[in-house]
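I have placed the structure first, in the form of structure tokens, so that the comments after it can refer back to it.
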Amino acid sequence: MLRAVLVRALTDQPEAIIVDLSELEVADDSALLAFPVAARRAQVWPATALILAAPRAAVARAMDRTGIARRVPVVGSVEQAVADRQAAMVQPGRLHQWYKPVPAAAILARELADRACRLWGVTELSDVAQLLITELVSNAVRHARSELRASLALRAHRLLLSVQDRSTRPVRLGGADDTYATHGRGLIVVKALAARWGCLVGDDGKAVWAVLGPPGADTSVG
């Protein structure tokens, strides 16, 4: 359940996910280990903070025992979590657009990527961003055959790209001679050019994502 909720939230690339624990009861401390695992995944993409709020006393003690409170931020209330994030947040850049599954979608998404890079002052990433978004959209058009959404966001000097579709079939890399690969050479290009890339599959679709950083920048997270 936690994973399904997290996947749905992450595909919208939020600045933060705040989990209200005020009604949570835990019979086994190990169940709480899902939170640091989720936090690590969210940190990789889309660089989203996971914050736990308003745990009951018994849950707070369990998080102390398991060390979770040292790995995931825990605050006293949802209101405090929201206020803390608003105070710390630098307004992120974000653009997204829905497309029909037609070849022209790749052209339109490429234009969106170029516009985003110019708008956010990272024109040095434009050529690679256009290439990656073209590959991601083309793969979605070819294999998912559903409505799709291209998204770009700027977080901490990193450019985040993703393409969502309605297919729950995970993508995989195909070799140079693998004619029958699910997504073939397109993802090989993505892997070669992106600092990080991945696929997040939910119960109503998936998001294939990539991360770019300025030349020489440390784009690793977590």
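The values are calculated or read from the model by the stated rules, or taken from the named source; none is laboratory data. Computed from a predicted structure; not experimentally measured. Neighbour counts run over all protein chains shown; Cβ positions are idealised from the backbone, glycine included. Just so you know, the surface numbers come from the protein's heavy atoms only, side chains and all, with ligands and any DNA or RNA stripped out. Shrake-Rupley method; radii C 1.70, N 1.55, O 1.52, S 1.80 Å.
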Degrees between helix 104-119 axis and first principal axis of the chain (Cα, 0 to 90, nearest 10): 60 degrees
Of all accessible heavy-atom area on the chain, the percent that carbon and sulfur account for (1.4 Å): 53 percent
For the range 51-169, Kirkwood radius (reciprocal of mean inverse C-alpha pair distance, Å): 16.9 Å
Degrees between helix 184-193 axis and first principal axis of the chain (Cα, 0 to 90, nearest 10): 70 degrees
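How many times 2.2 N^0.38 Å is the alpha carbon radius of gyration of the range 118-166?
1.23
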Protection proxy ranking, peptides 20-26, 6-12, average beta carbon neighbours within 10 Å, highest first: 6-12, 20-26
Solvent exposure, largest accessible area first (probe 1.4 Å, DNA, RNA and ligands not counted), of R155, R61: R61, R155
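With +1 on the Cβ of every Lys and Arg and -1 on the Cβ of every Asp and Glu, and nothing else charged, how large is the dipole of the chain about its Cα centre, in debye rounded to the nearest 20? It would help to have the intermediate numbers written out before the result.
On the way: 27 positive and 22 negative charges, 70 e Å.
The calculated dipole for the chain is roughly 340 debye.
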